[in-house]
Amino acid sequence: MSTGVFIRNKFPNPGDETNGRPNIFPNTMILVFGISLCYMGSNAGYISRQLNSTATTTTTGNSDLRLSTKAVTTAILNNLRLGRLPKAVSILFTYDVQLPFSLYAHLFRICASNKAIIETRKVESHLITSYPHPPVFLLNRAIESYGKCGCLGDAKELFDEMPRRSGGSWNAIITAYTRNGFAGHALGLFSRMFAEGVFASEITFASVLGSCGIALELWLSRQVHGLILKYGFVGNVILESSIVDVYGKCSVMSDARRMFDEIRNPNDVSWNVIVRRYLDTGDGKEAGNMFSKMVRAKVRPMSFTFSNAILACLSYGGLREGAQIHGFSIKINLEEDEVVSSTLIGMYAKCGDLGSARRIFNFPCSNNLISCTTMVSGYAVNGKTTEARELFDQMTQRSVISWNVMLAGYTRSFMWDKALDFVIMMRRNTKEIDHVTLGLILKICAAIPDVELGKQIHGYAYRNGFYTNLFVGNALLDMYGKCGNLTRARIWFYEMSHLRDKVSWNALLTSYARHGLSEEAMMIFEKMLGETKPSKFTFGTLLAACANIFALELGKQIHAFMIRNGYEIDIVINGALVDMYSKCRNILSAIKIFNCAASKDVILCNTMILGCLHNGLSEKVFELFETMEKEGMRPDHVTFQGILQASVSAGRVELGRQYFELMSEKYCLTPQLEHYDAVIELYGQYGFMDELELFINNMPCKPTAPILTKVFDFSRKHKCVSLGEWASNHLNELNPLVPFRFESSDSG
């Protein structure tokens, strides 16, 4: 590190302002006149007029020199007030005058706020040319400006070449690296700073804690915490809040909460940090609890704290608590804050209260891209795609997120044709496409299915740098599988071996299981165990595959594997187990799992009903239905399909008729074709032909050919001539090429 005159040529070639960092010529004086030639031109006349000719010489005495300095300073400040930063900086090089240090500091601040890297380089060049020994604090301001402009190379080079450094120099360079996301470099500089015996200030510690939070360096965070205590910074609310923040980011909420409780007078930033960290770690209820404590402590929340508290309520479905927070925001006049209103729109929309969401959206503060996108998403998520599209078309500006939420609305509602039309419109109107867009388009390809379009998207992803995106890779794998191109799915699966995860394995395994290749799915599972840990969704697919091939022993092994490895046996897995054991004819194990289930829903009950029906336990089906009614569980169409089939199997004609009537009278379920078919089977199987004829005449829809064929067969079996002739006549109308005849001999 040089200890001589600090002279740096920022622009070694005349007029060259963009060729990166300058060459350094130690111990070589650079004439100001040579540099000033680069910046004369149109500004020279302007400066001459500003100085009124008094600054054209600097040899007439000290009074003239002071006058020219004052005139140049005034001209620079006037241009800064008018927002002409480049012109103000160019004035520096017009005349050979030394300007006050305060002006340089002011210029560095403005350059930093405008992220003007070229002007920052010019100001530094003029400073080190005019002053062989520039003040350290000004060089620190230059480092800060480079950091805010994102030019860490300039900042580091200047820092390394400084003859002398202060604590502020270390603060500036550490903050520059932290600000630009290079947490590891910042922490390395902090260690070097301590090794050189430089005393750390509050600013240094705050920057280092920020870097620890970015890098998730818990061990180093604890060391910095100890140093803060050692150097007597206890009581500094900024540092204490930073410690809470870094512990929260490292997911050590017990330490974060302990540190927060030690803050004597937490301010609004402190409260915002603890609320946010509880939210980020998934404890929405405690985040809401801390917000309530903040209100009781009479600390006015920031808009971001309101937003975080509302999101916390949304994380656990606390609409009532969210509405209370909304009421408090009205009380302190923050309802129409842009951040708060946007979050409220999202909360109400996701909870299905679109009326409240729209009312807030109509506020003037909500006329922005984020709120519009949130409202479009709210309509789309709730299935109101028409309203979502109307609002989308009214948007004056759109982001890729806006396009994606509208496209997601169409895919969520299974409106594949409109989704494809929207993709075409999107390609015509914007070039903004991200990995989410490609994932949605691939979802459309899988649903149609259209493997050729999927291949085109695959090519687009390869050409545009999305090839290594895991989300896109898994979407491609799912698309090939659902389109039935298992060969291409397997090839792509091996091509993405460097980045695939358990989702990739699940997608491939599910594709094989869906197409009835259960043995191959089992082989994939064995290979999967060597690379990643299966998820519970994997086991759901495997159990379904076992059920399809009646592999009871393999199903038992999978069940035991889950128990041994501590997997959660939730309601979905219980349903898969009941289905597997039922189809494999081990109904006792299925019933045992059903009875031991911690929670039950209508899907699990339906699985058990169909399992009992499959194993000939019709009376057990009736018991299950009665249990559902006692527990207040609302049956659906599948439930009644099972109960009617059980009535057929058990010969319970009257009971079946009662269940059919109960379906619409008590549960307001409109019978579907399969329910009518079951009742026809019930009456016809047991010879209730009068009831069958009346039932068919009262059907709200025309009977299909399979139903008419069934009626025809039952009429022949039970010698019901009139009904048989009626069925044959209708069958002949539907298909005259294959005539049906109900002859008298059939009846006699």
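The values are calculated or read from the model by the stated rules, or taken from the named source; none is laboratory data. On a predicted model such as this, the values are computed, not experimentally measured, just so you know. FYI the Cβ positions are ideal-geometry reconstructions off the backbone, even for glycines, and counts take in every protein chain you see.
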Enumeration of residues in the range 94-111 that are buried (at least 20 other Cβ atoms within 10 Å of the Cβ) and farther than 13 Å from Ser68 by Cα: Tyr104, Leu107, Phe108, Cys111
Criterion: of a type in the set (A, V, I, L, M), out of contact with any Pro (no Cβ under 7 Å at 6 or more places or on another chain), more than 18 Å from Leu442 (Cβ to Cβ) and crowded, with 18+ Cβ neighbours inside 10 Å - qualifying residue of Met479, Met522, Met528: Met522
Qualifying residue in the range 91-113 (condition: within 20 Å of Phe190 (Cα to Cα) and touching an Asp or Glu at 6+ places or on another chain (Cβ under 7 Å)): no
Any hit, the range 172-191, residues being closer than 20 Å to Lys249 by Cα, assigned to a helix (DSSP H, G or I) and either among the charged types (D, E, K, R) or touching a residue at least 60 places away in the same chain (Cβ under 8 Å) (or both): yes
So Ala287, is it small (Gly, Ala, Ser) and crowded, with 16+ Cβ neighbours inside 10 Å: yes
Boolean, Ile680 is out of contact with any Ser or Thr (no Cβ under 6 Å at 6 or more places or on another chain), modelled with pLDDT of 90 or more and over 30 Å from Thr627 (Cα atoms): no
Lone qualifier among Gly611, Gly616, Gly575 - being touching a Ser or Thr at 6+ places or on another chain (Cβ under 9 Å) and over 23 Å from Ser647 (Cβ atoms): Gly575
From Arg300, Arg258, residue being farther than 24 Å from Ile345 by Cα and without any contact (Cβ under 8 Å) to a residue 40 or more places away in the chain: Arg258
Selection within the range 251-284 - buried (at least 21 other Cβ atoms within 10 Å of the Cβ) and either among the aromatic types (Phe, Trp, Tyr) or in contact with a Leu (Cβ under 7 Å, 6 or more places away or on another chain) (or both): Phe260, Trp271, Tyr278, Leu279
Selected residue (criterion: nearest to Val269 (Cα to Cα)) from residues of the range 293-334 that are of a type in the set (Gly, Ala, Ser) and surrounded by fewer than 19 Cβ atoms within 10 Å (Cβ to Cβ): Ser303
Subset of the range 381-404 that is under 17 Å from the mean Cα position of the chain (by Cα) and more than 14 Å from Met347 (Cα to Cα) - its residue that is surrounded by the most Cβ atoms within 10 Å (Cβ to Cβ): Trp403
Wholly within the range 193-308, helices (runs of 4 or more DSSP H) carrying at least 1 residues that are of a type in the set (A, V, I, L, M, F, W, C) and farther than 27 Å from His326 by Cα: 202-215, 218-230, 237-249, 253-262
In the range 498-547, residue modelled with the highest pLDDT [restricted to those that are within 23 Å of Phe471 (Cβ to Cβ) and among the polar types (S, T, N, Q)]: Ser504
Selected residue [small (Gly, Ala, Ser) and in contact with a Gly (Cβ under 6 Å, 6 or more places away or on another chain)] from Ala408, Ala388: Ala388
Boolean, Arg320 is part of a helix (DSSP H, G or I), free of Cβ contacts under 8 Å to residues at least 60 places away in the same chain, closer than 18 Å to Ser402 by Cβ and over 21 Å from the mean Cα position of the chain (by Cα): no
Verdict on Gly555 being buried (at least 17 other Cβ atoms within 10 Å of the Cβ) and either modelled with pLDDT of 90 or more or of a type outside the set (D, E, K, R) (or both): yes
Identity of the residue in the range 524-562, charged (D, E, K, R) and outside any helix (DSSP H, G or I), that ends up nearest to Trp492 (Cα to Cα): Glu531
Residue count for the range 486-523, restricted to those that are among the small types (Gly, Ala, Ser) and in a loop (DSSP other than H, G, I, E, B): 2
Helices (runs of 4 or more DSSP H) (entirely within the range 71-130) containing at least 2 residues that are in contact (Cβ under 8 Å) with a residue 60 or more places away in the chain: 117-130
Cβ pairs under 6 Å, 6+ apart, first in the range 555-572 and closer than 17 Å to Ser599 by Cβ, second polar (S, T, N, Q) and outside any loop (DSSP other than H, G, I, E, B): none
